[in-house]
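J.: Can you keep this structure in mind? I'll have questions shortly.
The values are calculated or read from the model by the stated rules, or taken from the named source; none is laboratory data. The structure presented is a predicted model; accordingly, all values stated were derived computationally and were not measured. Virtual Cβ from ideal backbone geometry, glycine too; neighbours counted across all protein chains shown.
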Amino acid sequence: MTSESIWEAAPHTIAKIVILEKYLTAWFQILGRTRKKQDLWYIDGFAGPGKYLNYPKGSPVAALAAARSSLLSSKQNWIAQDIRCSFIESDEGRFNSLSQEIKDFENEEKLKFNAINETFVNGLTQIQAEANSPFRLRFPIFAFIDPCGATGVPFKIVSNILAQPTAEILLNFDADGIARIYAAKESANHESILNEIFGDDSWKHRLSIVNSFGKQCREVLALYKEKLRQLKGIRYVFAFEMRTKLNSLNYFLVFASQHPLGLEKMKEAMKAVDQSGEYCFSDARIDQELLFSFNDPSIYAESLHHAFVGRQVSYADCNDFALNETPFLNPKSMLKILEEKGIVTIISNDPKRRKGTFNEEKVLAIHFDNQ
Ligand SMILES: C[S@@+](CC[C@H](N)C(=O)[O-])C[C@H]1O[C@@H](n2cnc3c(N)ncnc32)[C@H](O)[C@@H]1O
C-alpha cells in the first residue's frame, strides 16, 4: 500500500471487495426480513479512501451499495429498522476522500451512516459509548476489519464484537506480518504485540521456529482460529487464502460467526469469485495446502472420514465439519462418496432410504468405519 490518499487497487483487493459486497447483500436481506424493528450495523474498522484509481468502490461504498440494493429489493418485506454504517479511518487524507465518496448515499430512506476519523480502537470505543450503540441495544453487527499490517486489531476488541448476540467479523489477517514479528523477537517488541493480537501469551507455547515460512504463517493462523473458536457461541470460523492465478500475491481472510447460515452465504460469495476464473482459494491448514475445488468433494471426503474414523456421530457434527473445514455447504456430497466406498454406515429411521441420500431429519447417526 502506498502513502497516497488514493491508490491503485491490486486485483486481490478488488476481489475482496466483491466478496464483501456479495456477502453483505445477503446479510442485509436476510436480517432485514427477520429482525423486526432492529437496526442492522455494518462497521468498517479500516475503511480506506472509499474508491481506488482503478475501481470505483472501496469497502465503504461497496457496503452502502449492498445496503441500498437490499433495501430496494426487499420493499414491503423489510421489517428491520435502519441500516447503519460506521466507517473508521485514521488517515486524514483518506478520511476526506471517503467523506466525499459516501455523499452519494445521503438521503436514502432507512440508510444512515457516518465516518469517523480515528483509529479502529478509538472509533469502536466511540461507537460503543453512543446512546444508540448496537452494543447497548444488542443489534446485529457485521464488522469488516481490514488493516494494512499485523497490528491495530487487539483480540480484546474482536472478542468484544463477537460477544454480541448476532455479530460476525471478516478479518484480513496478516499471518505473514505476525510470523515476521515472532521471528524478529525483541527487536520488533514481539512480546507485547503478540499478546495484544492473540489476547494472551498462548502463542509462546504454540508457535515454534520452523524452517518453512509458509508453515509458520499457517501455525499463526491456526492459533488465531483456535482463539476465535474458544469465544462463547462462535462455532463457525473459516479461514481461506486467496490468491491470484497469475502471481503469488496472497492473503488470508478469516470469517467468524455464530450462525451456520452466515458461513454458507460467505462461501457462496467466494464461489462466485472463484468461478470468475481469475482467483482461486486454498484452505489454510498447517498440514496441507489444498486449492479449494468447489465442485470436487473427493479430497474432502477423505478429511471427513479421517476426522471421525472409528466414531458414531450425528448429521449435525458432519454438517459443522463441512462448514468449517471444507468448501461445501453441507456434508452430503462427501458422505455419498464414503457410502459408495462402504466406509460409513448410515443409521436412519427411514426404512425406504436410498443409498447416497441424506435427509437430515431422518439420519439418526453416521458411523465412520475403519477402512
Ligand atoms: C487496506 S486499507 C483499507 C481498504 C478498505 N477496507 C477497502 O477495502 O477499500 C487500510 C486502511 O486503514 C487505515 N488505517 C491504518 N491504521 C489504522 C488504524 N489503526 N485505524 C483505522 N484505520 C487505519 C489506512 O489509512 C488505510 O486507509
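J.: Of (1) modelled with pLDDT of 95 or more; (2) in contact with a helix residue (DSSP H, G or I) (Cβ under 7 Å, 6 or more places away or on another chain); (3) surrounded by fewer than 21 Cβ atoms within 10 Å (Cβ to Cβ), Arg206 satisfies all except one. Which?
T.: (1)
J.: Run Asn189 past the list (1) in contact with a strand residue (DSSP E or B) (Cβ under 7 Å, 6 or more places away or on another chain); (2) at pLDDT 95 or above and report the number of the one that doesn't hold.
T.: Of (1) in contact with a strand residue (DSSP E or B) (Cβ under 7 Å, 6 or more places away or on another chain); (2) at pLDDT 95 or above, only one is false for Asn189: (1).
J.: Further question: What is the residue count in region 292-312 for residues that are in contact (Cβ under 8 Å) with a residue 40 or more places away in the chain and charged (D, E, K, R)?
T.: Here the count works out to 1.
J.: Okay, moving on. Take Ala167 and decide whether it is in the same structural domain as Cys217 (by TED's automatic domain parsing) and in contact with a helix residue (DSSP H, G or I) (Cβ under 6 Å, 6 or more places away or on another chain). Give the derivation first.
T.: Values: in the same structural domain as Cys217 (by TED's automatic domain parsing): yes; in contact with a helix residue (DSSP H, G or I) (Cβ under 6 Å, 6 or more places away or on another chain): yes.
Taking the combined requirement at face value, the residue satisfies it.
J.: Output yes when any residue across region 288-298 is out of contact with any Pro (no Cβ under 6 Å at 6 or more places or on another chain), at pLDDT 90 or above and either of a type in the set (D, E, K, R) or surrounded by 15 or more Cβ atoms within 10 Å (Cβ to Cβ) (or both), and no when none is.
T.: Within region 288-298, one or more residues are out of contact with any Pro (no Cβ under 6 Å at 6 or more places or on another chain), at pLDDT 90 or above and either of a type in the set (D, E, K, R) or surrounded by 15 or more Cβ atoms within 10 Å (Cβ to Cβ) (or both).
J.: Oh, and also: Filter region 312-326 down to the residues that are within 16 Å of Ala256 (Cα to Cα) and either hydrophobic (A, V, I, L, M, F, W, C) or surrounded by 23 or more Cβ atoms within 10 Å (Cβ to Cβ) (or both) and list them by number. Give the steps one after another, and end with the answer.
T.: First pass over region 312-326, keeping only residues within 16 Å of Ala256 (Cα to Cα): 320-326.
Once the filter is applied, which keeps residues that are within 16 Å of Ala256 (Cα to Cα) and either hydrophobic (A, V, I, L, M, F, W, C) or surrounded by 23 or more Cβ atoms within 10 Å (Cβ to Cβ) (or both), region 312-326 yields Phe321, Ala322, Leu323, Thr326.
J.: Could you give every pair whose Cβ atoms fall below 9 Å, whose first residue belongs to region 208-220 and is touching a residue at least 60 places away in the same chain (Cβ under 8 Å), and whose second residue is in a helix (DSSP H, G or I) and not β-branched (Val, Ile, Thr), counting only separations of at least 6 or pairs across chains?
T.: Arg218/Ala175; Glu219/Ala175; Glu219/Ala179; Glu219/Arg206
J.: Further question on the same structure: Going by what's in this entry, would Leu20 be described as within 23 Å of Lys271 (Cα to Cα), modelled with pLDDT of 95 or more and of a type outside the set (D, E, K, R)? Spell out how you get there, then give the answer.
T.: Values: within 23 Å of Lys271 (Cα to Cα): yes; modelled with pLDDT of 95 or more: yes; of a type outside the set (D, E, K, R): yes.
Considered against the rule, which asks whether it is within 23 Å of Lys271 (Cα to Cα), modelled with pLDDT of 95 or more and of a type outside the set (D, E, K, R), Leu20 comes out as yes.
J.: Could you tell me which residue of region 21-46 is farthest from Asn114 (Cα to Cα), considering only residues that are touching a strand residue (DSSP E or B) at 6+ places or on another chain (Cβ under 6 Å) and within 16 Å of the ligand (Cβ to nearest atom)?
T.: The qualifying residue farthest from Asn114 (Cα to Cα) is Gly45.
J.: Residue under question is Ile178, and the condition is that it be in contact with a Phe, Trp or Tyr (Cβ under 7 Å, 6 or more places away or on another chain) and either modelled with pLDDT of 95 or more or in the same structural domain as Leu223 (by TED's automatic domain parsing) (or both); does it hold?
T.: Details: in contact with a Phe, Trp or Tyr (Cβ under 7 Å, 6 or more places away or on another chain): no; either modelled with pLDDT of 95 or more or in the same structural domain as Leu223 (by TED's automatic domain parsing) (or both): yes.
No: the conditions fail for Ile178.
J.: Just checking, does region 148-156 include any residue being within 19 Å of Leu228 (Cβ to Cβ), surrounded by fewer than 15 Cβ atoms within 10 Å (Cβ to Cβ) and among the basic types (Lys, Arg)?
T.: yes
J.: Another one. So in region 182-203, with the set limited to residues that are among the hydrophobic types (A, V, I, L, M, F, W, C) and more than 16 Å from the ligand (Cβ to nearest atom), which one is surrounded by the fewest Cβ atoms within 10 Å (Cβ to Cβ)?
T.: Of region 182-203, the ones among the hydrophobic types (A, V, I, L, M, F, W, C) are 183-184, 188, 193-194, 197-198, 203.
Remaining after also requiring more than 16 Å from the ligand (Cβ to nearest atom): 183-184, 188, 194, 198, 203.
Values: Ala183: 14, Ala184: 12, Ala188: 15, Leu194: 22, Phe198: 21, Trp203: 21.
Here the residue is Ala184.
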